[in-house]
Amino acid sequence: MKTVIVRDLPPTADNNRNSEGAFLQRRDGSILFAYSRYRAKGASDGAEADLYGMVSHDGGRSFGEPFPILTHEQAGGENVMSVSLLRMAKGDMGLFFLRKSGGDQCLPFLMRSSDEGASWNEPLLCGEEKGYFVVNNDRVIRTRQGRILIPAALHEGVWGAGVFYLFASDDDGKSFYTLFHGSTIPRSRGSRVGIQEPGLLELADGRLWCYVRTDTGRQYEAFSDDGGVSFTDFAPSAFTSPVSPLSVKRLSDGRLLAVWNPIPLYNGRSERIDGVWTGARTPLVMAFSEDDGESFSSPIPIETDEKSGFCYTAIHETDDGAILLGYCAGSVADGSTLNRLRLRRLEKEEKQTPTAHP
């Protein structure tokens, strides 16, 4: 599969980090990519950050210059990050994000736009829960029944052991409630961090597949057959990984596309290269499933640089069947895996016509 980097946003003196985001096609066919843009005062997850956007008018072959969408001052917090974009049932655009404040509050919010991003309404808190909730970028989904689901992990303090939460809306995002909470991975199973960075995918039979990163060398998974009201216990999945997230999307032909880092933190493998944190998040690979997640193809390399890390992948399929990926791609020179944003386009594979033999 032919791939090409269409945009790289490295850190600069006044912009210490360009980080994870999400794609959404607009009504005119253009594609919006929204992401977290950090200022000059730091690059940690709690440093000053705003939401910015870039637009492609050629199917993701190029993107225009970044522009501000929402500053953290406008949002009333110290940091806004982790964008998901969703087309709402009534046709407006929905932008979900996290707002951090006070060091111990990290909460999901929703903004809506009825003019394709020219303006946005006031942010709405997604539920009544308080605490430090982590919701990854490009994670919010809508089920076939119309329910909006936000998978989250509640942490005691910043990055304490995580507990799985699921926020839901049955009225197209006008209000949210806690649909499920309480699952984690006990220490007796070798985990010190519990549930981290959950993602969701609706399977063909209607079940919800929840996958989460862990510190056990594997992604864990659980399933719900009642729309998210209850889940099976979390158990090891087939996806090995370091402490890094898995991303999965369904393509228009029904296949599932998974993107992740497949090499776990075995003894001797370091999360730092030349003193710089990369999270051991290399290589970055993808795999396809043609049987709704029962099995996946052999991993296909996307990135292999051993002095970089690659993670927090947003996935978007274009009208012409290409796949856009947006992910963190920082190197040792960038100071962290999380500091550089990369957009990549994977061209659609053309079917080969058999050659006739005389």
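The values are calculated or read from the model by the stated rules, or taken from the named source; none is laboratory data. Only a predicted model underlies this, so the values are computations on that prediction, with no experimental measurement involved. Cβ sites come from the backbone with ideal geometry, for glycine too, and all protein chains shown count toward neighbours. Calculation scope for accessible area: heavy atoms of the full protein, side chains included, ligands and nucleic acids excluded. Shrake-Rupley method; radii C 1.70, N 1.55, O 1.52, S 1.80 Å.
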Check your understanding: Which net charge results when you count Lys and Arg as +1 and Asp and Glu as -1 among the other residues whose beta-carbon is under 13 Å from that of Glu78?
Key -> -1
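Using the heavy atoms of the protein chains and a 1.4 angstrom probe, tell me the accessible area per residue for the range 1-111 in square angstrom.
38
Dipole size in debye (nearest 20) for the chain around its Cα centre, Lys and Arg Cβ +1, Asp and Glu Cβ -1?
480
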Review point. What share of Cα pairs, in percent, lie more than 36 angstrom apart in the chain?
Key: 15
**Study point:** Largest-first principal axis extents, alpha carbons of the range 1-80, Å
**Key:** 37, 26, 19
Practice item. At 7 Å along the Cα-to-beta-carbon direction for both Glu306 and Thr232, put a label point, then send me their distance in nm to one decimal. Key: 3.8
Exercise for review: Please state, rounded to one decimal and in Å, the Kirkwood hydrodynamic radius that the range 215-358 gives when every pair of distinct Cα atoms enters the mean of 1/r.
Suggested key: 16.8
Practice item. Of the options Gly217, Gly228, Ser247, report the single residue whose Cα projects farthest towards the positive end of the charge dipole of the range 139-289 (beta-carbon charges: Lys, Arg +1; Asp, Glu -1). Key: Gly217
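Which of the GluC sites (Glu not before Pro) across the range 138-244 are loop residues per DSSP, with 14 or fewer other Cβ within 10 Å?
Sparse-neighbourhood loop GluC sites (Glu not before Pro): Glu156.
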Practice item. Using a 10 Å cut-off on Cβ atoms, rank the peptides 272-281, 319-328 from the highest mean neighbour count down. Key: 319-328, 272-281
Check your understanding: Extent of the range 103-205 along each principal axis, from alpha carbon coordinates, in Å, largest to smallest?
Key -> 50, 40, 20
**Study point:** Accessible surface of the chain [probe 1.4 Å, protein heavy atoms]: carbon and sulfur percent
**Key:** 49
Revision key, fill the gap. Cα extents of the range 141-294 along the principal axes, largest first, in whole Å, come to 50, 39, 28
Exercise for review: Could you check which residue among Phe310, Phe97, Phe167 shows the biggest mean-square fluctuation in a GNM of the chain with a 10 Å Cα cutoff?
Suggested key: Phe167
**Study point:** Hydrodynamic radius of the range 246-320 per Kirkwood, over alpha carbon pairs, in Å
**Key:** 13.6
Check your understanding: From the residues Ile185, Ser30, Pro123, which one has its Cα farthest along the dipole of the chain in the positive direction, the dipole being from +1 and -1 charges on Cβ of Lys/Arg and Asp/Glu about the Cα centre?
Key -> Ile185
Review point. If you place +1 on the Cβ of every Lys and Arg and -1 on the Cβ of every Asp and Glu, how big does the dipole about the Cα centre of the range 170-314 come out, in debye to the nearest 20?
Key: 740
